[in-house]
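Working notes, beginning with the structure itself.
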Amino acid sequence: MDGTGDGTAVTAEADAILELKGAGLIIGSREILRGIDLAIAPGEFVCVVGPSGCGKTTLLRLLAGLMLPTAGEVTYRGAPVRRASRDVAIVFQDYGNALLPWRTAAANVALPLETMGLARDERAARVETLLRTVGLEGHGEKFPGQMSGGMQQRVQIARCLAQSPSVLLMDEPFGALDAMTRQGLQDEFLGLVAQNSVTTFFVTHDLEEAIYLGDRVIGLLPNPGRVGIALDVGLPRPRNQLTTREDPEFLRLRRALFDFIARAEA
Amino acid sequence: MSGRAAQRIDLRGMVLPVALVAAAELLVRSRGLRSDAIAAPSEVLLAWLRALVDGTLLSATAETLACAVAGLAIGFTLGVVLGTIFGLRGLVDELMEVTIEAIRPIPPVALIPIALLVYGFGYRLEIAIVVFATLWPAMIFTRTAIRGIAPRLFEVAKALELSPRERIFKIVIPAALPQIFVALRLSAAISLIVAVTVEVTANTIGLGHEMMMAQSSLHPDLMLALLVWTGVLGWMINAAMLLAQRLLFPSSIAERTGEAAR
């Protein structure tokens, strides 16, 4: 690809923080994923798209260590991934199930801090900061059931940031939100990622979202899931909901991805 | 009753019971009915006051409640522990299923003859039967509640690297707690029912026994006073439990109604 903006991916294997080497997954008689090779560089923002049922979420679960591959290998900082780690945070799409409904927003964010053994007053200060970071200042005492979907997803993002992770794995985090909330969160999230220099693996079914957010977009083909296309996104950062989406490069990538999905679904 | 509780009770609901009591009083008085089974409400109230003053009411109540509470404490705790194990470990659950389904349907009262041989009359007999009766609802509610926890929460626990201890005390128990508390309410009601049943059928302590004594000595007023008192006790236990539930789980109520917790 010809894009050489400041966010362009470095994919040299030695630099990879998270890597799949010929990873495949067979469950029973069904082959879900086959021969996935993917190296994610530190600080890179990789988006994954593909037709439904192509194994996007399963790929994320392999990277998370929630599932183990039946072929090949998944490595984190060079070591094989055997189970989930606090250094790799996961933001689930269904915030309603992922948050603890009996805990307030603040107490949800405090959960990782409790297991990390932070003192109580230190925790409270951290939670304050995190809630402010995701724009939930003053909402800490609310229960998830009393918050809108967008606010609940912010709580989950804050809880993941509380882990101080090196990698964020996001499974269609904005998929269940309305368009306005979604665009707002996209920009806020890009700001957070830039500030925390965290590596992000972002699963979405929204092609424009993938281009808008990512340094690189991976397209998966279904049955079995495998890498079909990899596009480097050369768009300058910070990105802008209007100008970025009107950039000729954006339109070119959009066209390429739509064509790819049309072929993949055919 | 406090002002707040009185507000919540719809006074129209009181019309029928008051009318029935008044009618009973009138009927017994006007016809001059004399019976071994019936007494005028006023006589029942007097008998209750007499039992209160001479201390038999309070000591019998203490005996019954002691058995019910002790049995409930043991049976419920055991049930929650077993339910947690069965809920988290599917294999254990499958291994135990037939055994438990064979034992569970036994009516607790049917164990009185055996328990009588083992323990003789007294507290231990009654507590043992209450334990058997309250164990099952606690176990089944806990198991079902834990099975029903969203698998996502267990993944969150894994992703956060919670220790097994943290997983149980920060995720499993709080998630299952509202349902476990419903089991506690049910079990509390059952514990009183079973305690009184054991006293009526066999034991020589408590309200049930006093009731049988009043019956066999032809004191229908005292017998009915004890009966009504037992009902009032059960009502009070349930009301206290409901209040506790409202205070303990504001978040789950808020979640269900979507309203503010307070």
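DSSP beta bridges fully contained in the protein assembly as shown are about 55 percent antiparallel. Rounded, prolate or oblate for segment B:117-262? Axes are the square roots of the Cα gyration tensor eigenvalues, ordered a ≥ b ≥ c, and the cut-off for rounded is a/c under 1.5. It is oblate, given that a/c is not under 1.5 and a/b is not larger than b/c. Peptide packing for A:53-65, B:116-128, B:216-228 was compared via the average number of neighbouring C-beta atoms within 10 Å per residue; ordered from the highest value, the list is A:53-65, B:216-228, B:116-128.
Length available on full extension from B:Leu247 to B:Ile106: 0.36 nm per residue minus the Cα-Cα distance, which gives 47.2 nm.
Computed from label points 7 Å out along Cα-Cβ, the spacing between B:Asp36 and A:Arg237 is 9.3 nm.
Mean partner shielding of peptide A:94-100, defined as the number of other chain Cβ atoms within 10 Å of each residue Cβ, is 4. Summary value for chain B: 25 percent relative contact order, contacts being C-alpha pairs under 8 angstrom separated by 6+ residues.
Taking θ as phi - 60° and the Karplus parameters 6.51, -1.76 and 1.60, the scalar couplings of segment A:229-239 work out to 7, 9, 10, 7, 9, x, 6, x, 10, x, 8 Hz in sequence order, x denoting glycine and proline. For the pair B:Leu218 and B:Val182, the difference between a 0.36 nm per residue extended length and the Cα-Cα distance amounts to 9.0 nm.
Roughly what angle does helix A:149-162 make with the longest principal axis of chain A, taking Cα atoms, 0 to 90 degrees, to the nearest 10? It is inclined by approximately 90 degrees. For A:Leu220, what residues show an amide H to amide H distance below 5 Å, using hydrogens built from the backbone and excluding near sequence neighbours? The list, which skips near neighbours in sequence, is A:Val49, A:Gly50, A:Gly228. A DSSP coil position with no more than 11 other Cβ atoms inside 10 Å describes the following GluC sites (Glu not before Pro) in segment A:111-178: A:Glu137, A:Glu141.
Partner shielding of A:220-232 amounts to 0, given as the average count of beta-carbon atoms from other chains within 10 Å of each residue beta-carbon. Computed over neighbours whose Cβ is under 13 Å from that of B:Ala68, the net charge equals -3, Lys and Arg +1, Asp and Glu -1. Per-residue shielding of B:160-168, expressed as the average number of other chain Cβ atoms within 10 Å of the residue Cβ, stands at 4.
Helix A:120-133 against the longest principal axis of chain A: what's the angle in degrees, Cα atoms only, rounded to the nearest 10? Here the helix axis deviates by roughly 50 degrees.
Under 29 Å Cα-Cα from B:Lys170, which lysines qualify once same-chain neighbours fewer than 8 residues away are excluded? Answer for B:Lys170, where 29 Å is the Cα cut-off: A:Lys142, B:Lys158, listed by chain and number.
Measuring r between the beta carbons of A:Ala179 and B:Val228 and using R0 = 60 Å, the FRET efficiency lands at 0.40. Residues whose amide H falls under 5 Å from that of A:Phe202, counting only those 5 or more places apart or on a different chain, are A:Val46, A:Cys47, A:Val48, A:Met170, with hydrogens built in the peptide plane. Note on segment A:192-266 and segment B:97-158: Cα centroid distance 56 Å, given to the nearest whole angstrom.
For segment A:16-46 and segment A:68-108, what is the centre-to-centre distance using only Cα atoms, to the nearest Å? Using only Cα atoms to place each centre, the spacing works out to 16 Å.
Straight Cα distances below 20 angstrom link A:Lys21 to the lysines A:Lys56, with same-chain residues fewer than 8 positions distant left out. What FRET efficiency comes out for B:Leu78 versus B:Glu161 if R0 is 30 angstrom and r is the Cβ-Cβ distance? Round to the nearest 0.05. Rounded to the nearest 0.05, the efficiency is 0.45. When each of the peptides B:178-186, B:206-214 is scored by the mean number of other C-beta atoms lying within 10 Å of its residues, the order from highest to lowest reads B:206-214, B:178-186.
We did not get these values from a lab; they are worked out from the coordinates using the rules stated. What you see is a predicted model, and the numbers here were worked out from it, not measured in a lab. Note that we place each Cβ from the backbone using ideal geometry, even for glycine, and neighbour counts take in every protein chain shown.
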